[in-house]
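Take a look at the structure set out below.
The values are calculated or read from the model by the stated rules, or taken from the named source; none is laboratory data. Note that the structure is predicted; figures quoted are calculated from it, not measured. Please note: Cβ atoms are built from the backbone with ideal geometry, for glycine as well, and neighbour counts cover all protein chains shown.
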Amino acid sequence: MNDTTLATNTDHSYDSYTAIDSPELTDIIAHINEEHFDELVGFLRAFTALPSELATNLEDMEVQLTTVYAEGICLQVSEKPLVQGSEGLEEWADKTPQPQKFFIAFAAPITQVDDLQTQYIVLKQRADKKLGKKTIKLTQQKFVVQDRYKVSKNMLRLQLSLAVPPNTANGASTTSDAVLPVTEAGYAYLFDLDHNVITGNNHHSQDKGQNDNSAQNSYPARQHRYYTLRKAWQTSQGWHAWVDVFLHGDTSGGNWAMALQIGDTVMTKREFPEKVAHLQEGQALLIVDETSMPTAARLLELWQNPQPPLVICVMQDSADQSYFDNIQLGSASYDSDNSLNKRIDNPVAQPFTVLPIVTDQTVSGQEAAQLIDTTLNQYLATQPLSIDKVWGALEATTAKTLRGLLKDRLQLSRTEVVVKVYWRHD
């Protein structure tokens, strides 16, 4: 489909579109609105002819997905409400423009809510391409387990090599396409856990939990888990990677990782880049738990911002603090062309600071968010530090609560505070 068919329909009658009726849809819409504001803004910028007054201040507006139709989605853009008690509130309300609606068409109509994931991904891919951004890839990769070992008490490292891709029909190798993202932090792969059961590599039970940090969360029949690429590099023998898996009780992902043996193959089905570009300038704050420590570690190694970040790390076991012991700030930076052979030996002179929060148990939701906020407040009360940018990744309810607390405390915009969902209690 040509992108020009993705049109704005502010004056169109939405009665002509086919409503999708599903009890799941309310939760899906709420999830996208809470977690993926930047993607909705991207859809508007890529596919609509925004009025200049909206285009200039879109990141400061309220952007909401309101309805999913068979033919596409409806996005609503409105001014953010003033806080109660503001002077001139009634006069402001009289002058505030009414919300504007924009219709964005799918590449192909959907017939049920299960089809939404595919069409949402297509919209994201097209929008990112038009805006010059990295995007999600629906690509299968096969890796071979070369080694597995603990890097802290509860963190298991899988050392993988990229399996040689099959030759094409005419005999030409496709190896040139098999390049891992060596200069990206937080790059996530969706691992197919059932591959190891089906192929006979391993035989272990699977529960039905689903940890999926993408906007397009669904409930596939097969077991999948997102894990971050801790590090990737190339040698004369090919491409290699570390994937660090936090072991926390009897879980599908932990059981899968522990059962893997050297020589086993693992399969990935999807790749997802992390949003960290905003951290290149200003004083940054990183907020992580054990699931996002691998992203933070790679961020620190690739750090090019002259100001060292502050890191808050929530963990259940103090022994896992050693995970950051050998990390050198900026030690793995690369040239702007991402050249593998032109490593810059330019670590930031100042060390980074890690504020550990050890809970001795699984703490999430409002309790965890309050712990993080209190720890940050106490530190800032004694340090001449002004936070400009935030990146974090935590449990779903913790992330949702923490966003509001950080917004109030730091007075930053939504684009400056990126707190992602990396896992869910269910």
Original post:
Filter the range 205-260 for residues that are at pLDDT below 95 and among the acidic types (Asp, Glu); which is surrounded by the most Cβ atoms within 10 Å (Cβ to Cβ)?
Top reply: ASP212
Original post:
Which one is nearest to GLY249 (Cα to Cα), of the residues in the range 143-164 that are out of contact with any helix residue (DSSP H, G or I) (no Cβ under 8 Å at 6 or more places or on another chain) and crowded, with 18+ Cβ neighbours inside 10 Å?
Top reply: ARG157
**OP:** Would you check if GLU87 is in contact with a helix residue (DSSP H, G or I) (Cβ under 7 Å, 6 or more places away or on another chain), outside any strand (DSSP E or B), modelled with pLDDT under 90 and surrounded by fewer than 16 Cβ atoms within 10 Å (Cβ to Cβ)?
**Re:** no
Original post:
Does ASP15 count as in a helix (DSSP H, G or I) and either over 26 Å from LYS275 (Cα atoms) or of a type in the set (Ser, Thr, Tyr) (or both)?
Top reply: yes
Original post:
Can you tell me which residues in the range 353-391 are on the phi > 0 side of the Ramachandran plot and either surrounded by 12 or more Cβ atoms within 10 Å (Cβ to Cβ) or in contact with a Pro (Cβ under 8 Å, 6 or more places away or on another chain) (or both)?
Top reply: GLY365
**OP:** Could you tell me whether ARG126 is at pLDDT 70 or above and closer than 30 Å to ALA257 by Cβ?
**Re:** no
Original post:
What residue, of LYS80, LYS133, LYS101, is over 24 Å from GLU274 (Cα atoms), at pLDDT below 95, basic (Lys, Arg) and part of a loop (DSSP other than H, G, I, E, B)?
Top reply: LYS80
Subject >> Those residues of the range 240-275 which are closer than 15 Å to ASP192 by Cβ and acidic (Asp, Glu), in sequence order >> reply: ASP264, GLU271
Subject >> In the range 7-33, residue surrounded by the fewest Cβ atoms within 10 Å (Cβ to Cβ) [restricted to those that are at pLDDT below 90 and within 22 Å of GLU62 (Cβ to Cβ)] >> reply: ASP11
Original post:
Does the range 60-67 contain at least one residue that is free of Cβ contacts under 8 Å to residues at least 12 places away in the same chain and loosely packed, with under 13 Cβ neighbours inside 10 Å?
Top reply: no
**OP:** Could you please tell me which pairs satisfy a Cβ distance under 9 Å, a separation of 6+ or placement on different chains, a first residue in the range 101-113 that is of a type in the set (Gly, Ala, Ser) and crowded, with 19+ Cβ neighbours inside 10 Å, and a second residue that is at pLDDT 95 or above and assigned to a loop (DSSP other than H, G, I, E, B)?
**Re:** ALA105/GLU71
Original post:
Given the residues THR362, THR401, THR397, which is the only one that is without any contact (Cβ under 8 Å) to a residue 40 or more places away in the chain and touching a His at 6+ places or on another chain (Cβ under 8 Å)?
Top reply: THR397
Original post:
Restricting attention to the range 332-382, which residues are under 23 Å from the mean Cα position of the chain (by Cα), at pLDDT below 75 and closer than 17 Å to GLN304 by Cβ?
Top reply: SER333, TYR334, SER336, ASN338
